[in-house]
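Peer 1: Starting off with a structure, shown below.
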Amino acid sequence: MIAVLEELKALGVEVIPFGDALVIRPASKVPSELKERLRAQKADVLAALAQPRCEHCGGKAECDCPACTLRRTSNAVPCLMCRPKQRQLWLAATRPGGCWHCAGSGKCGCIACDRSGVCKNCGGNGKAV
């Protein structure tokens, strides 16, 4: 995101696009130097605000939450909410070689497998289904 928008957000200032103008509330919180930088970057700020912002990843297009990473990595991956095509490519590229449920071990103790120790998804053989 544009640095001037981050600074305004940190001050508790809302920036609202209004046609080809910007409205800042409350304007009294914004130092004159920051207002000048906002004016100088107005076109970039308007463009940034015109883009839809994903609430799941905060507009970063990448996320490191368990729903996005499927606990395959601790790194950020394409967000499942706003980058579904890129995430599908990531999923295909990182698909485990064995069963997705037991990670190829054939053993599982989850509630779905009745805590029997045998993965019901792969029948205990650990192979991809």
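Peer 1: Going down the table (LYS9/LYS29; LYS35/LYS60; LYS9/LYS42), which pairs top 21 Å between alpha carbons?
Peer 2: Exceeds cut-off: LYS35/LYS60.
Peer 1: Here is a follow-up. Counting alpha carbon pairs within less than 8 Å and at least 6 residues apart, what relative contact order, in whole percent, applies to the chain?
Peer 2: About 12 percent, as a whole number.
Peer 1: Is the range 53-95 rounded, prolate or oblate when judged by the Cα gyration tensor, a ≥ b ≥ c being the square roots of its eigenvalues, rounded requiring a/c under 1.5 and prolate requiring a/b larger than b/c?
Peer 2: oblate
Peer 1: Nearest-5 percent of antiparallel DSSP beta bridges in the chain?
Peer 2: Just about 100 percent of them are antiparallel.
Peer 1: Also, I was wondering about something else. Test of understanding: extend the Cα→C-beta vector of ALA67 to 7 Å, then name every residue of the range 76-116 with backbone N under 14 Å from that spot.
Peer 2: 79-84
Peer 1: Bin width 5 Å, origin at 0, all Cα-Cα pairs of the chain: what percent of pairs per bin?
Peer 2: Spelled out per bin, shortest first, that is 2, 10, 14, 13, 10, 10, 9, 7, 5, 5, 6, 5, 3, 0.
Peer 1: I'd like the orientation of helix 84-93 relative to the chain: the angle between its Cα long axis and the longest Cα principal axis, in ° from 0 to 90, rounded to 10.
Peer 2: Helix 84-93 sits at roughly 40 degrees to that axis.
Every read-out reported here was derived from the displayed coordinates using simple, explicitly stated rules and does not represent laboratory data. As the structure is a computational prediction, the values presented were derived from the model and not from experiment. When we count neighbours, we look across all protein chains shown, and the Cβ atoms used for this are built from the backbone with ideal geometry, even at glycine.
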